[in-house]
Amino acid sequence: MIKTVTLKAKQKVFGNFAGRHTSPFKGIGLDFKELREYQYNEDAKRIDWKRSAKFQKPLIKEFEEERELNVIITILVDGSLYFGTKTLKTETIAEIAAILGYSAVLFDDKVSLLLYEKKPLTHLKPTKSQKNIPIFVEKILECEYLKKEYDFSFIDYLNKFQKSLLFLIGDFYKHPPLHKLKHETYVLWVRDKFEENPSTLGEIELLDPHTLKNVTTNLNKSQIEKYKKDILQNDKKFEEFLLKEKIKYKKIYTHEDSFMKLMELMR
């Protein structure tokens, strides 16, 4: 599985970025450089209308990109991640991490991996080497997820490090106060479609991923509809929070093309 995930991710990254001179993370980590006058034929969307009104002429904010980005891929380890109808969420997460990792090192950016529950389970040092990306995949796939439940202490832990480009990956059934992070944060929300739209009726046996206790229950249509409604409300609340705090996010389902979803986010 490690080789399969790694090879798939590597082929997508190198196949799509071959000959490209700019990082897919271009536009991230920009510092304000200067204010200059708008030139004919430039994109009018870049005009700073507030400053333009003040100085009575169209002005554009000029930015310069940081020479080197520091990328942190963080997995919020929870028992609920060990689920999937065809592909486990953990496998999708491993592929996402590999795509991000290869994308970073290909353009000479540093990238590190953090697996966090109530404390760091794994924190690999920043690297620029392709040889370390399979280790990322291995750590994610071989992590014990069942009986794990992360808390929000990851925020204080991450804030100890220099400001970075942070990719935060989880299924987000609970809502961390992400506005407290000092990093430029991107949320990757990984789900299996069945979690949001279950169709099983009748007597089924459920396993609590946090306690490993088995529960036998009889699901009828009204119970399933209530569950769907609760999930929808939970997700809507988190989505509204992300929009309010201007935190970019992308929901990625286990049956989807992870590379294409990430490219949509990076546009």
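Please treat every number below as a calculation from the coordinates, not as lab data. None of the values given here were measured: they were computed from a predicted structure. All Cβ positions, glycine included, derive from the backbone under ideal geometry; neighbour counts span all protein chains shown.
Treat each spin label as a single point 7 Å out from the Cα along the C-beta direction, and report the THR217 to GLU239 distance in nm.
So the label points at THR217 and GLU239 sit 2.4 nm apart.
Remind me, relative contact order of region 121-267 in percent, using alpha carbon pairs under 8 angstrom and six or more residues apart? Don't jump to the answer; show the numbers that get you there.
Values: 133 pairs, mean separation 32.8, N = 147.
It comes to 22 percent, rounded to a whole number.
Give me the one-decimal nm value for the distance between modelled label points at LEU124 and LYS54, 7 Å along each residue's Cα-to-Cβ direction.
That separation, rounded to one decimal, is 4.6 nm.
What relative contact order, as a whole-number percentage, does the chain give when Cα pairs under 8 Å and 6 or more residues apart are counted?
Working: 430 pairs, mean separation 52.0, N = 267.
After rounding, I find 19 percent.
Using unit Cβ charges (K, R positive; D, E negative) and no other charged atoms, how large, in debye to the nearest 20, is the dipole of the chain about its Cα centre?
In total the dipole reaches around 580 debye.
Let me test this: with uniform point scatterers at the alpha carbons of the chain, what is the Debye-based log₁₀ I(q)/I(0) at q = 0.07, 0.13, 0.16 1/Å?
Here the Debye-derived log intensity ratios amount to -0.30, -0.92, -1.26.
What does the convex hull of the Cα atoms of region 42-110 come to per residue, in Å³, rounded to a whole number?
About 189 Å³ per residue, rounded to a whole number.
In µm²/s, what is D for region 54-169 at 37 °C and 0.692 mPa s, where D = kT/(6 pi eta Rh) by Stokes-Einstein and Rh is the Kirkwood radius from Cα pairs? Don't skip to the answer; put the middle values down first.
Details: Rh = 15.6 Å.
For the chosen part, D equals 211 µm²/s.
May I ask you to order 96-104, 147-155, 219-227 by the average number of other C-beta atoms within 10 Å around their residues, highest value first?
96-104, 147-155, 219-227
May I ask you to derive the relative contact order of region 81-190, considering only C-alpha pairs under 8 Å and at least 6 residues apart, and to give it as an integer percent?
24
How long, wide and thick is region 96-143, going by the Cα atoms along their three principal axes, in whole angstroms, largest first?
Here the spans come out as 33, 16, 16 Å, largest first.
At a Förster distance of 30 Å, what's the computed FRET efficiency of GLU42 paired with ASP257, Cβ-Cβ distance as r, to 0.05? Intermediate results must be reported in sequence, preceding the final value.
On the way: r = 34 Å, r/R0 = 1.14.
Computed FRET efficiency for GLU42 and ASP257 comes out at 0.30.
Which one of GLN11, HIS123, LEU69 is farthest out on the positive end of the charge dipole of the chain, using unit charges on Cβ (Lys, Arg +1; Asp, Glu -1) and the Cα centre as origin?
Result: LEU69.
Can you grab the distance from the C-alpha centre of region 232-267 to the C-alpha centre of region 39-111, Å, no decimals?
Between the Cα centres of region 232-267 and region 39-111 lies a distance of 13 Å.
Take LEU188, LEU243 and order them by how many other Cβ atoms sit within 10 Å, fewest up front.
Working: LEU188 26, LEU243 11.
Neighbour counts put them in this order, fewest first: LEU243, LEU188.
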